[in-house]
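Here is the structure we will look at.
The values are calculated or read from the model by the stated rules, or taken from the named source; none is laboratory data. Model, not experiment: these values are computed from the prediction. Cβ placement follows ideal geometry from the backbone for every residue including glycine, while neighbour counts extend to all protein chains displayed. For accessibility, only protein heavy atoms count, side chains too; no ligands or nucleic acids. Shrake-Rupley method; radii C 1.70, N 1.55, O 1.52, S 1.80 Å.
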Amino acid sequence: MEHPITNKFTATFIFFILVLRTESTEPPFSCDSSNPNTSSFPFCNAALPISQRVNDLVSRLTVDEKILQLVNGAPEIPRLGISAYEWWSEGLHGISRHGKGTLFNGTIKAATQFPQIILTASSFDENLWYRIAQAIGREARAVYNAGQLKGITLWAPNINILRDPRWGRGQETPGEDPMMVGKYGVAYVRGLQGDSFEGGKLKDGHLQTSACCKHFIAQDMDNWHNFSRYTFDAQVLKQDLADSYEPPFKNCVEQGKASSVMCAYNLVNGIPNCANFDLLTTTARGKWGLQGYIVSDCDAVEKMYTEQHYAKEPEDAVAATLKAGMDVNCGSHLKKYTKSALEKQKVKESDINRALHNLFSVRMRLGLFNGDPSKLEYGDISAAEVCSQEHRALAVEAARSGSVLLKNSNRLLPLSKMKATSLAVIGPKANDSEVLLGNYEGYSCKNVTLFQGLQGYVANTMYHPGCDFINCTSPAIDEAVNIAKKADYVVLVMGLDQTLEREKFDRTELGLPGMQEKLITAIAEAASKPVILVLMCGGPVDVTFAKDNQKIGGILWVGYPGEGGAAALAQILFGEHNPGGRSPVTWYPKEFNKVPMNDMRMRPESSSGYPGRTYRFYNGPKVFEFGYGLSYTNYSYTFASVSKNQLLFKNPKINKATENGSVLNIAVSDVGPEVCNNAMITIKVAVKNQGEMAGKHPVLLFLKHSNTVDEVPRKTLIGFKSVNLEAGANTHVTFDVKPCEHFTRANRDGTLVIDEGKHFLLVGDQEYPIPVSL
C-alpha cells in the first residue's frame, strides 16, 4: 500500500499536468462567458458595434497597460479577462516556423508547404492563388484552434515588385509587373481572410485570418555592397511611385480589403516609411480606405534612432511613428520609450488610443473577444485540415502549374517511362528536400527530394551531387561524368539556395554560382543524349550558355517548388503534365550586374545609357522575356472581336499636356468617370491548342504604344487568364479593358495620363491597333 502523502502528491501532480495540457491546447481568447467578473463588460458584448466595444475597452486601460499593447507580444490583462496576443506570425506560402506566434510542439507538427511565391505566380492563375491562400487561412485557424498559434494575424503577402533580379527576397514576390503583383495580393488576401474569390463576402468585417500587405514601400534591396535596408534612403521619382511601386499596395487594400499593412525599414526620399504620415495616413488610410492596423517591420522603429539617426532621441522615434499612423511596433522600442515620450510631451495619450483602436478592432473582427472560439464561426476547423490530402494535392498542382519550360530542343521532353532504361540525377541539392521550400518556410507534411521523386519513374536511377555544396567551388567533374555516361538520360539539378539568396543577403552576380556552369558543360558533352537542366532558384540567373548549347536539350525552371515539387517535376518530365508556366520576371544577362542596385529609377535614360528595369522599361538584351514559357503543345491566337476600334476623349476641361521628348496626353482625372466607363473595350481572343497534348495555358494580353520614348512603357500587361484545352480544342477568352486604368502611365509629376497616338493590343504574335485621339 502506497503512503498517503505519496498518493496525494501523485494526484496533485496529475492534476497539474492536466491543467498544463488544457492550457496549452486552448487557443487564446478574451471575454470568457464563464467568468462573471468580465463577461458583463460592454466590450464583451458581440451585439454592439465593434467601434463602440473598442472605445469601452480602451477607456478601461491604464496608461501602462496601453503602452504594453503597442508591441507585437501584447501581454494579457487579467483584471479585464483580456488574453495575451502575438501579432507576429508568418504564412507566406504555408504556416511558417518563423515569427513568434506559431508552435509546432503539439499535436500538429507540420503544415502544407506550397511553392515559393515566385513559382506560384508563374501560373498566372488567380483562382489557384486564391485556393492556396484559402488553404493556408484554414490551416492557420486549425492550428489556432489546437492552441498552437498565439495569434491569427499572418504577415503576408510580400507584394513588392521584383525591381532588381539580385534581391535576395525576390523569391517571396509574385514578380515584376505591378498589375500582376496587385492581382496576386488581392487573391491571396481574399483567400486568407475568408472572403469570396470575387470579394464582398466579408461585409460584416469578420475575418477568418488577417492578412498583411508588405513591405510598404519601395523596399527591394536588403544588403548589397555598402547599402543596408535598415538605412537605405530610396530616391524614388513621383512617376515611378505612381505607376510602379504603389499600385500593388493600392489594389491589396482597396480591392483585397487587407486588414493590415507593414511599413518597411527604408527611407523614401528622406523619410522613414514608418514615420511617413502622407504614406500611412493620407494614402493608405485616407485615399485607399485601409480598415485595419499598420505594423512596423521588426525593429524598424528602433533603427530610426540607432542606425538612421532620423530620431535624435529614442522618444522621437516613438512620436514620429505614432503620429504618422503606425499602430504596433514589431520589437520593443515602444514598450521601452512610450512612457517617457508621454512625459516629455512628444506624444499624447490620444495618439496611443488611436493605435489601440485599430489593434483591438482587428482582434474583435477575428472573433477573439466573443468567448470560447470553439463555439463560434471557424471553431469547427480541425487539425484534420492541416496536411489534408486535398491541400497536399493542391501543393502539387501549384508546383506543376508554375514550372516554366525554357527550352525543349527537338522535343526531347517529355521522356518516355517505357523507353527510359536508366536515369542519372546530378546536383548538390537534388537529394535535399529542405531546399524545395525557399524562405519563410514551415515544416512539410512529407519530405520528398527531387531524386526520390524521379526514382519512382525509372527503376535504375543513379544519384551524384556533382559538388559538395551549392556554391560548387570544387566540383567532382570526373565522378559525375562517369555516372552520366552510364545513364540513358541525365537530369542536372542546379541553381541557388538560401545560402546564396535570402533575406539580408542579395546576390552580387547573376550567373550560376562557382563552377556549376563548367560541371554542366562537361556532363552535357559526355552524355550519350542531350541532357535536361532543372533550375532551382528564386531570382533569375543567366544561363545563356545552356540556352545556346545543343547538348543541353531541355531547361526547366522550378523555382522553390514546395513539398509537392518532387511529384510535380517527375510528372512534367515524364509527360503526365504539360508545362504551362510563364516567367513573371525578366531574365537578365550577367552584364546587368553593372547597374547599381540602389538606383530606383524604373525608366531608362538614353543620354546616360541607364537601361531601365523590368520588361516595361528595360531596353537591354535579355536571356528570357517576361511572360516567356514553352509547352509540349502549340497554341495560336486571333482577335475574334474588339468592341471599339479607336478611342476619342473630347471634353471642354481637357488640357493637352506635353513633356520633353514625350507625347501629347491627358490626365485621367480630367476625363471624368462617365467618359471612362463608356470607353471600356470588350475583347474576345480565340485560343486554339494546335498540338497533340492537353494543356493548361495562361493567355497574356499586353498593350504597347507606337512611341518608344523613355517615358512610355515598351509594353504593359493589361490582362491574363488561364485556360485548359484538350488537344485540338479551342475557346474564347474575354477581357474587359478599361482605358482609364489599362492605357495609363504616370507623368513626371506622378499624375496618371493617357497618351495620344496609336496603341496596340498584343497577344502572342498578334497585334490589334487602337488609336487614341484627344
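Applying a 4.7 Å cutoff between beta carbons, the unpaired cysteines of the chain are C212, C537. Only protein heavy atoms count here; under a 1.4 Å probe, S34 has an accessible surface of about 90 Å². Considering only DSSP beta bridges with both partners in region 402-594, what is the antiparallel share in %, to the nearest 5? Close to 20 percent.
Taking the Cβ-Cβ separation of S643 and C676 as r and a Förster radius of 22 Å, what is the calculated FRET efficiency to the nearest 0.05? Don't skip to the end; give the middle numbers.
On the way: r = 15 Å, r/R0 = 0.69.
Working from the Cβ atoms, E equals 0.90.
Do the alpha carbons of any pairs in K486/K590; K518/K551; K109/K336; K150/K303; K183/K257; K109/K335 sit beyond 23 Å of each other, and which pairs?
Values: K486/K590 34 Å; K518/K551 14 Å; K109/K336 35 Å; K150/K303 26 Å; K183/K257 12 Å; K109/K335 33 Å.
Beyond 23 Å: K486/K590; K109/K336; K150/K303; K109/K335.
Computing FRET efficiency as 1/(1 + (r/R0)^6) for S51 and S382, where r is the C-beta to C-beta distance and R0 is 30 Å, gives about 0.35. Computed from label points 7 Å out along Cα-Cβ, the spacing between N35 and H309 is 4.8 nm. Given L725, I161, Q148, which one lies farthest toward the positive end of the charge dipole of the chain, if we put +1 on the Cβ of every Lys and Arg and -1 on the Cβ of every Asp and Glu? Farthest towards the positive end: L725. Full extension of the segment from S228 to E741, taken as 0.36 nm per residue of separation minus the current Cα-Cα distance, would add 181.2 nm.
Can you name the helices of the chain, as whole DSSP H runs, whose Cα span along the helix axis is 30 Å or more and whose Kyte-Doolittle mean is not below -0.5? Mind dumping the intermediate values first?
Numbers: long enough: 4-25 (32 Å, 0.77).
Sorted by number, the helices that extend far enough and score high enough are 4-25.
Only helices enter this figure: runs of n ≥ 4 DSSP H residues, each worth -39500 (n - 2.57), summed and divided by the residues of the chain, yield -7500 deg cm²/dmol at 222 nm to the nearest 500.
Got a number for carbon plus sulfur as a percent of region 209-336's accessible area, 1.4 Å probe? Answer for region 209-336: carbon and sulfur cover 48 percent of the accessible area.
Let me spell out the model: positive unit charges on the Cβ of Lys and Arg, negative unit charges on the Cβ of Asp and Glu, origin at the Cα centre of region 634-772. What dipole size does that give, in debye rounded to 20? Walk me through the intermediate numbers first.
On the way: 15 positive and 14 negative charges, 31 e Å.
Result for region 634-772 is approximately 140 debye, rounded to the nearest 20.
For the chain, DSSP calls about 65 percent of its internal beta bridges antiparallel. Coupling constants for region 553-564 follow from the phi torsions by the Karplus curve (6.51 cos²θ - 1.76 cosθ + 1.60, θ = phi - 60°), and in residue order they are x, x, 10, 10, 9, 10, x, 10, x, x, 5, x Hz; glycine and proline get x.
As a test of reading the structure, rank D488, D204 by solvent-accessible area (1.4 Å probe, protein chains only), most first.
Numbers: D488 25, D204 95 Å².
Heavy-atom accessible area, descending, gives D204, D488.
Look at where the Cα atoms of region 86-158 and of region 595-617 average out, and the two centres are 36 Å apart. Computed over the chain, relative contact order equals 14 percent, with contacts defined as Cα pairs under 8 Å that lie 6+ residues apart. Rolling a 1.4 Å probe across the protein heavy atoms gives the chain an accessible surface of 38 Å² per residue. Summarising the label geometry, the points placed 7 Å from Cα in the beta-carbon direction at K375 and A686 lie 6.3 nm from one another.
Based on the alpha-carbon gyration tensor of region 131-184 and its eigenvalue square roots a ≥ b ≥ c, which shape applies: rounded if a/c is under 1.5, prolate if not and a/b is larger than b/c, or oblate?
Details: a/c = 3.73, a/b = 2.29, b/c = 1.63.
It is prolate, given that a/c is not under 1.5 and a/b is the larger ratio.
Of T708, F369, P428, which is farthest on the positive side of the dipole of the chain, counting Cα position, with +1 on Lys and Arg Cβ, -1 on Asp and Glu Cβ, and the Cα centre as origin? Of the listed residues, the answer is T708.
Between S409 and E605, the contour length at 0.36 nm per residue exceeds the Cα-Cα span by 66.8 nm.
Amide H contacts of C213: S260, V261, M262, each under 5 Å away and 5 or more positions distant or on a separate chain (H built 1.01 Å from N in the peptide plane; Pro and chain starts excluded). Each of T731 and E198 was given a label point 7 Å from its Cα along the Cα-to-Cβ line. The distance between the two points is 1.9 nm.
Provide the net charge surrounding F277, with neighbours chosen by a C-beta distance below 14 Å and charges set as Lys +1, Arg +1, Asp -1, Glu -1. It would help to have the intermediate numbers written out before the result.
Values: positive: R285, K287, K323, R354; negative: D278, D327, D351.
Computed value for this residue: +1.
Annotation: extensible slack from E254 through E349 equals 31.2 nm (criterion: 0.36 nm per residue apart, minus Cα-Cα distance). So, taking all protein chains as they sit and a 1.4 Å probe, how much accessible area belongs to D233, in Å² rounded to tens? Surface open to solvent at D233 totals about 60 Å². Among the protein heavy atoms of region 634-772, carbon and sulfur supply 44% of the accessible surface, probe 1.4 Å, non-protein parts ignored.
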